[in-house]
Amino acid sequence: HVTNKVKFTTFVRTTPGPGSAEDKLAAVKEVMRDYYDELEGAFRYYSVTGSGREFSMQLNEFSDFADACNLPDPQSKFCKRAHIDTLFKAANFEEKATGKEAKLVSKLNDDNALTRFEFVEIMVRVADAKYLKEKTCDTLVEAINVMFEECIIPNLAPEALLDVCTFRTSRLYCDDVDDVYRGVYDAQAKYDKNGYRTLEKGIQFKALENLYDAFRMPVGGGTIMTRKMLQMDQWMHMCGKLGLLDLDESGFTIREARLCYVFGQMRTIDDFKDVVKYESLTFTDFLESLARCAEACPLPSREVMRKEGYDSGVAYMIAIKAKTGAAGFP
């Protein structure tokens, strides 16, 4: 979407440096593609941990990000705090919609917050203001590289740089987790005569399906057809009802619950054409987010639990809940 904005592409094409206007645009697209994982991670983290909507970035959230990454420079002629606030408005400016897709983007785009593609735009504009206009870099591509390598990557919160696929490949996608979710442990039920895994479902899997179906309805009421997937407000409602949240901020907090939600989502390429999927959990996403909750919940070490007479984390949680009436987090 960002390369459909005439003002942005004109700005990129007319920046200083060698090459044709189209070469400059192509080079900027390529370098932003190289840093897209970091871009998306920063956008996701600061959007979801802020006070606004989870899938757009408000000015205060962008300011937190900019401060953390040392983007404003009080000594700069072009990149002081006031300049960055102006760039926020420039990136958030919506041009007149002409085509069907552009009209959809205009309709869904929050006028006072950055969408994912607008976040891409503002990062390019900040690199220009901080380095190219100051003449410490010769090209916009060089400025973008310096900004990411010297300011953004070293200063981002670890959660913003998290490779969500590492958890999937190293912890989630294995037979042991499949056993727990399906509730099928018998070898004859798990495997067919050729040794392949069956799709046999036990009571635990059916309980998870029922849990997803129960909470995917809007919190304020409605029918199951109004929203076919679980959204953030429903996810948080579920976490509260299940007693997962530790409100004294010492354990599994609202922040961790929201991060588990977004880390469990698969990437949506077009966040406007498929906005419901972009903002929701499919059932498969839901299973992953639950696994991330289990990973994030603070538990004593196995040695400590055994010393206190518990042979598993489950036994410990049940005992603590029986004693305190809480979720099981001391």
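Just a few scattered comments:
- Residue check, Glu121 in a helix (DSSP H, G or I) and surrounded by fewer than 16 Cβ atoms within 10 Å (Cβ to Cβ): no
- Screening the candidates Arg33, Arg44, Arg53 for the property of being among the charged types (D, E, K, R) and outside any helix (DSSP H, G or I) yields one hit, Arg53.
- Here region 56-82 is the region considered, the condition is being open to solvent by 10 Å² or more (accessible area, probe 1.4 Å) and in a helix (DSSP H, G or I), and the residue that is farthest from Val126 (Cα to Cα) is Asn60.
- Residues of region 259-298 that turn out to be closer than 21 Å to Ala157 by Cα, surrounded by fewer than 19 Cβ atoms within 10 Å (Cβ to Cβ) and touching a residue at least 60 places away in the same chain (Cβ under 8 Å), as a count: 2
- Residue selected from region 286-298 under the condition out of contact with any strand residue (DSSP E or B) (no Cβ under 8 Å at 6 or more places or on another chain) and of a type outside the set (Gly, Ala, Ser), by the criterion modelled with the lowest pLDDT: Pro298
- Selection count, region 175-206, where residues are surrounded by 11 or more Cβ atoms within 10 Å (Cβ to Cβ) and under 18 Å from Phe283 (Cα atoms): 13
- In region 16-55, the residue that is most open to solvent (accessible area, probe 1.4 Å) out of those that are basic (Lys, Arg) and in contact (Cβ under 8 Å) with a residue 40 or more places away in the chain is Arg53.
- Among the conditions (1) of a type outside the set (Lys, Arg); (2) over 18 Å from Tyr35 (Cβ atoms); (3) open to solvent by 10 Å² or more (accessible area, probe 1.4 Å), the only one that Ala113 does not satisfy is (3).
- Check on Lys130, among the basic types (Lys, Arg), assigned to a helix (DSSP H, G or I) and open to solvent by 10 Å² or more (accessible area, probe 1.4 Å): yes
- Test for Glu209: is it within 30 Å of Leu114 (Cβ to Cβ) and either at pLDDT 85 or above or under 26 Å from the mean Cα position of the chain (by Cα) (or both): no
The values are calculated or read from the model by the stated rules, or taken from the named source; none is laboratory data. Just so it is clear, the structure is predicted and the values come from calculations on it, not from any experiment. With ideal geometry, Cβ positions are generated from the backbone for all residues, glycine too; neighbour counts draw on all protein chains shown. For accessibility, only protein heavy atoms count, side chains too; no ligands or nucleic acids. Shrake-Rupley method; radii C 1.70, N 1.55, O 1.52, S 1.80 Å.
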